[in-house]
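Below is one structure; the comments refer to it alone.
Each reported figure results from applying straightforward, stated rules to the coordinates on display, with no laboratory input. It should be emphasised that the depicted structure is a prediction, and the values quoted were computed from it without experimental measurement. With ideal geometry, Cβ positions are generated from the backbone for all residues, glycine too; neighbour counts draw on all protein chains shown.
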Amino acid sequence: MNDYNYILKQIYQDIQPLLGKGRVADYIPALANADRNKFAMAVRLLDGTQFSIGNIDETFSIQSVSKVLSLTTVIAENDEFLSTRCGKEPSGTPFNSLVQLEYESGIPRNPFINAGALVTSDQMYTNLNNPKKDFLRFVRDLSGNRELEYNEKIARSEFKAGFRNAALINLMKDFNNIENCIDGVLDTYYHQCSIEMNCANLCDTFSFLANYGVNPINNKKVISRSVAKRINAIMLTCGTYDAVGDVAYRIGLPAKSGVGGGIIAIVPGLLTVSVWSPGLDEKGNSLAGIKALELFTTYADNSIF
Ligand code: GLN
């Protein structure tokens, strides 16, 4: 077996020159002061063994990483969702782009760009009795951690400054692809993005995707094996926006990033690995985080290819 402690130490050393570099997601005012020198990384094997390094106790808002979790709740209920209301092809455009959406009549390319995540949140809003409460309960169950919370300050800050998301959802409403009231759906979406975790929580929460749909923490089936395969496939092809080609090339794992600087990646049948560092590259992915994952699959020799 790999010596993951040794591998993480090596990675931590190698990424040092990238710390302090990149840009933070200052379009969300509450994230403008994030410290680009911070870095944490965690690995969780399916048997629960954990390894970690760096600022491992620090929590951060998971942002777009939450899009995988909202999609999970939706496709468990609505298998036609990805053929009717949203596509599953890479967009080739930035995560918050409006351009493609008008050409494609309000049907987002995939559920992991903002437009697709907003339709997913709309479907979640239709499906759940109390969307914010029920979604938080779902994530707590996955993580095995009852303490996880929304960060109200971040959710509010993003709602106030979220002019692009407001534009995307209004355009989709005009195309009849939003069922519920816009403010309610935006509020749900911003809250899901604001959930705070540390890297170990991220690894726990996503372990069901490494374990073919069954949460290894409590042995509960979350989704079928086939749906787990599909979600991993969409992470591989759409999880890091218009950098997916580069990420598949360099890392070779299903992965999902967020502008809070967090990234989760899945090695099916083996482990989850998460990383956090707030300095972002020009595509909105953590600069040190992507490099760390590239080194991880190189040193541990465990990409899916
Ligand atoms: N909450 C962020 C937004 O809507 C999520 C984007 C991201 O993490 N890429 O812009």
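In this Cβ point-charge picture (+1 for Lys and Arg, -1 for Asp and Glu), the range 11-82 has a dipole of about 380 debye about its Cα centre. Roughly how tilted is helix 4-15, in degrees to the nearest 10 and between 0 and 90, from the longest Cα axis of the chain? Result, in degrees: 70.
Rounded if a/c is under 1.5, else prolate if a/b is larger than b/c, else oblate: which is the range 146-192, with a ≥ b ≥ c the root eigenvalues of its Cα gyration tensor? Note, shape of the range 146-192 comes out oblate.
Treating the beta-carbon of each Lys and Arg as +1 and of each Asp and Glu as -1, no other charges, what is the dipole magnitude of the chain about its Cα centre, to the nearest 20 debye?
Values: 29 positive and 32 negative charges, 47 e Å.
The dipole of the chain has a size of about 220 debye.
Tell me the angle of helix 131-143 to the major Cα principal axis of the chain, expressed in degrees between 0 and 90 and rounded to the nearest ten. The angle comes out at about 20 degrees. Against the main long axis of the alpha-carbon atoms of the chain, helix 114-127 sits at an angle near 70°.
Checking the Cα-Cα distances for Lys88/Lys220; Lys21/Lys160; Lys132/Lys160 against a 24 Å cut-off, the pairs over it are Lys88/Lys220; Lys21/Lys160. The residue among Thr237, Thr126, Met1 whose Cα reaches farthest toward the positive pole of the charge dipole of the chain, with charges on the beta-carbon of Lys, Arg, Asp and Glu, is Met1. Here the simple spin-label model places points 7 Å from the Cα toward Cβ, and for Ser226 and Ala32 these points are separated by 5.0 nm.
Derived scalar couplings between HN and Hα for the range 219-225 equal 6, 8, 7, 8, 8, 6, 4 Hz in order, rounded to whole Hz, by the Karplus curve 6.51 cos²θ - 1.76 cosθ + 1.60 (θ = phi - 60°), x for Gly and Pro. Across Asn218, Asn232, Asn177, mean-square fluctuation computed from a Gaussian network of the chain (C-alpha pairs under 10 Å connected) peaks at Asn218. Site pair Asn2 and Phe163 shows an inter-label distance of 4.4 nm when each label is modelled 7 Å from Cα along Cα→Cβ.
DSSP beta bridges fully contained in the chain are about 100 percent antiparallel.
Suppose we flag GluC sites (Glu not before Pro) only when DSSP calls them loop and at most 16 other Cβ atoms lie within 10 Å. Which is the longest uninterrupted stretch of the chain? Please report the intermediate quantities before stating the final value.
Values: sites that count: Glu58, Glu80, Glu104, Glu147, Glu149, Glu179, Glu282.
The reported range is 180-281.
Per the Kirkwood formula applied to alpha carbons, the range 107-240 shows a radius of gyration over Rh ratio, Rg over Rh, of 0.97. Here the range 180-203 and the range 131-147 have alpha carbon centers that stand 11 Å from each other. Rounded to the nearest Hz, the phi-derived 3J(HN,Hα) couplings of the range 288-305 under the Karplus curve 6.51 cos²θ - 1.76 cosθ + 1.60 (θ = phi - 60°) are 5, x, 5, 4, 4, 5, 4, 5, 4, 6, 6, 5, 8, 6, 9, 6, 7, 9, where x marks glycine and proline. Site pair Arg23 and Thr84 shows an inter-label distance of 3.9 nm when each label is modelled 7 Å from Cα along Cα→Cβ. Farthest towards the positive end of the charge dipole of the range 32-173, among the residues Leu98, Asn110, Ser64, is the Cα of Leu98, using unit charges on the Cβ of Lys, Arg, Asp and Glu.
Sequence-distant contacts, meaning Cα pairs under 8 Å at least 6 residues apart, place the relative contact order of the chain at 28 percent.
Loop-only check: which trypsin sites (Lys or Arg not before Pro) in the range 124-220 are DSSP coil with at most 11 other Cβ within 10 angstrom? Walk me through the intermediate numbers first.
Numbers: sites: Lys132, Lys133, Arg137, Arg140, Arg146, Lys153, Arg156, Lys160, Arg164, Lys173, Lys220; in loops: Arg146.
Sparse-neighbourhood loop trypsin sites (Lys or Arg not before Pro): Arg146.
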